[in-house]
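One structure is given below, encoded as structure tokens.
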Ligand code: DOR
């Protein structure tokens with residue numbers, strides 16, 4: 001079943017090779033191999049072969065938010081985007097703060113089988129920030145939770161954050177913080193700056209992020225714990241991260257595709273598709289994000305894929321929910337913002353979308369080198385592909401993409417999970433005609 005012959009692929013954009021996969025593992029790799037009889041062949045057409053992408057920050061909305069996304073539609077979106085593993089955030093309904101919920105998410109992911117779904121456990125009961133959730137029970141459950149986060153909310157209380165980091169250190173897990181001092185952002189609707197003033201929207205000051213990151217780095221140092229900073233959006237946060245890393249604090253950080261590309265200039269349209277938390281900031285900030293990602297101060301790109309059904313988004317700005325789709329457009333935005341201006345090469349893309357996220361999330365079978373003896377878990381990228389984003393044609397149940405109508409570079413030609421093709425030319429496995437999960441081809 002999981003035997004596969006991949007012809008004419010360029011690992012990391014380098015020389016073309018053929019690969020033979022047996023039982024999900026690469027057994028031969030080299031130029032001019034012969035496909036054994038009866039083995040499924042994937043003609044890679046000289047495209048770039050990368051380790052499958054790993055998203056540390058995805059909202060799959062199941063359980064409780066299925067009008068916006070579920071594990072089936074979210075897994076399809078992930079596979080189309082080149083992802084082979086995703087971390088599903090805990091702000092579901094019920095919240096993923098018990099073993100029962102995280103085990104449900106993990107099992108549903110396995111049933112769908114398109115991508116490895118790793119549930120993130122909540123740090124506090126109900127994401128309320130008051131009482132710590134049972135991290136140990138979730139870590140030891142069948143779901144084997146490796147990352148905990150109250151994302152959507154910040155763990156505000158320093159006493160609880162300190163205790164959570166101490167537990168994390170003992171359990172060998174990571175605390176991922178949504179860094180936002182809620183007292184400084186009360187009522188906020190947009191980045192605090194010129195655009196928000198002009199539009200009359202209450203501001204979300206960058207210092208609300210920076211101060212929490214500084215505090216948490218100090219707490220993580222004391223606890224000897226692994227801290228991960230979600231969706232960095234402000235240039236000044238990067239200075240805090242750089243200093244903490246230089247001092248040996250175990251801190252990692254992510255940036256979203258939208259904080260690499262979009263700025264608060266997009267808000268002039270008042271279209272709530274651009275409402276997101278943390279908010280889109282200035283051109284100076286996007287420039288700093290790109291430089292920090294190239295330098296490694298920001299470790300990874302994570303999508304913060306946040307599907308919202310139309311009734312939550314097609315409303316006035318203040319009432320609209322924050323968040324935007326990200327799984328199916330992430331690669332293209334990274335190519336546009338990082339590869340085209342030569343800030344990253346394909347090895348760098350593998351680092352920020354696969355290797356480092358797999359390390360941070362503790363996934364030993366993802367983000368592996370493309371080599372004999374390693375799992376055949378890949379994203380095959382057509383670097384010359386160009387496509388026009390249409391929200392309605394995405395696999396996600398929701399269509400809240402901020403890139404509607406944009407022409408973006410690079411397409412995912414195929415995604416392979418342990419030797420099984422999960423997506424191919426925008427179609428989702430199994431590839432029979434007329435099945436429910438089938439979606440339109442990626443195309444211009
Ligand atoms: O914009 C956001 N949407 N930011 C978050 O932190 C949460 C997310 C969501 O769940 O919709």
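Structure summary
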| item | result |
| --- | --- |
| Rotationally averaged projected area of region 141-205 (alpha carbon convex hull; nm²) | 5.6 nm² |
| Added length on full extension, which subtracts the Cα-Cα distance from 0.36 nm per residue, residue 7 to residue 287 | 97.0 nm |
| C-alpha center-to-center spacing [region 134-186, region 374-409] in angstrom | 31 Å |
| Mean Cα-pair separation over length for the chain, i.e. relative contact order, pairs under 8 Å, 6 or more apart, % | 19 percent |
| Which of 408, 201 has the fewest Cβ neighbours within 10 Å, and the rest in rising order | 408, 201 |
| Of 227, 331, 20, the one that fluctuates the most in a GNM where the chain has Cα springs shorter than 10 Å | 20 |
| With Cα atoms, 0 to 90° folded angle of helix 71-80 axis to the chain main axis | 60 degrees |
| Bins of 10 Å, starting at 0 and running to the largest distance - Cα pair percent for the chain | 5, 23, 33, 26, 11, 2, 0 |
| Average Cα contact separation per residue, region 15-124, under 8 Å, 6 or more apart, as relative contact order % | 21 percent |
| Ranked list, fewest to most other Cβ atoms within 10 Å of each Cβ, for 103, 210, 111 | 111, 103, 210 |
| DSSP bridge pairs, the chain: antiparallel proportion in percent, nearest 5 | 50 percent |
| Candidates 285, 384, 181, ranked by Gaussian network fluctuation over the chain, Cα under 10 Å, top entry | 384 |
| Length released on extending from residue 100 to residue 222, taking residue separation times 0.36 nm less the Cα-Cα span | 40.7 nm |
| Top of 249, 120, 54 by mean-square fluctuation, Gaussian network on the chain, Cα under 10 Å | 249 |
| Degrees separating the helix 207-223 axis from the principal Cα axis of the chain, which is the longest one | 80 degrees |
| With eigenvalues of the C-alpha gyration tensor scaled by 5 and rooted, region 1-77, Å | 33, 15, 10 |
| Stretch gain in nm, segment residue 406-residue 15, where the contour uses 0.36 nm per residue and the Cα spacing is subtracted | 137.6 nm |
| Helix axis angle, 235-246 relative to the chain longest principal axis, alpha carbon, degrees | 80 degrees |
| The chain, helix-only ellipticity at 222 nm - DSSP H runs n ≥ 4, -39,500 (n - 2.57), divided by all residues, nearest 500 | -7500 deg cm²/dmol |
| Proportion of all alpha-carbon pairs of region 232-374 beyond 24 Å (%) | 36 percent |
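Laboratory data are not the source of any read-out in this text; all were calculated from the coordinates shown. In this text, all values refer to a predicted model and were calculated from it rather than measured experimentally. Cβ coordinates were reconstructed from backbone atoms using ideal geometry, including for glycine residues, and neighbour counts include every protein chain displayed.
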